[in-house]
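Asker: Please read through the structure below; I'll follow up with questions.
Laboratory data are not the source of any read-out in this text; all were calculated from the coordinates shown. Given the structure is predicted, the values throughout are model-derived calculations rather than measurements. No Cβ is skipped: glycine too gets one built from the backbone with ideal geometry, and neighbour counts run over all protein chains shown.
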Amino acid sequence: MIGAATLLAFVPVAALLTVTPGTDTMLVLRTAGIGGARAAALAGLGIALGCLVWGLAVALGLGALLVASPVAFGWLRVVAALYLGWIGVSLWRMPHHAADAPTAQTATAFRRGLLTNLLNPKVGVFYVTLLPQFLPPGSDAGAGLALAGVHVALSLVWFALLIGFARSLAPLLQSPAFARGIDRVCGVVFVGFGLKLVSSRS
């Protein structure tokens, strides 16, 4: 169990992390604007599941083993960078037409959200380094997983706000040229995230 004092200390930090722009925010915003609210919600659920998997791994001590192994961490970082780069290049080369996007996005949104987080070792690093600071000595694995669950809940609320904002711009996104432009901009951003990840030495 986690106490009220722990929650009061953890929630502001987790909320700040949640609203900091990154691949999760970009993926949900882009999916909501181009693919619709349902696809964006599925992307958010995929991201949330990826966080919970990392939270469980950290609670069981597996995250620390990964972070302590430079080879394993390096390979995971490369795989994550390649995946983000593949998404970016795909969006740039084959942007979706606004009329066709909802069906296509719904089919891939959950998988993209899940893999974007599962393959990102920095999510594991965040949990390994942050969660123990808020847990009293002798806490069991359930307490760490509960804090990860709090972070996931905050993320889902944030994603709902992002989806609402993006859908308010839906009339503008009906233009095929605008939709293609959004995909290409997002493609460049995802490639940039991938390059930043693979070039990071931390």
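Asker: Given R₀ = 45 Å, what would the calculated FRET efficiency be for Arg167 paired with Ala68, taking r from the Cβ atoms and rounding to 0.05? Intermediate results must be reported in sequence, preceding the final value.
Answerer: Numbers: r = 43 Å, r/R0 = 0.96.
Result of the calculation: an efficiency of 0.55.
Asker: Where Lys and Arg each count +1 and Asp and Glu each count -1, what net charge lies around Leu197 among other residues with Cβ under 9 Å from its Cβ? Mind showing how you got there, number by number?
Answerer: Details: positive: Arg77, Lys122, Lys196; negative: none.
Value of the local net charge: +3.
Asker: Separate question: First measure r as the distance between the Cβ atoms of Ala15 and Ala177, then evaluate 1/(1 + (r/R0)^6) with R0 = 41 Å and state the FRET efficiency to the nearest 0.05. Before the final figure, lay out each step's value.
Answerer: Working: r = 37 Å, r/R0 = 0.89.
Result of the calculation: an efficiency of 0.65.
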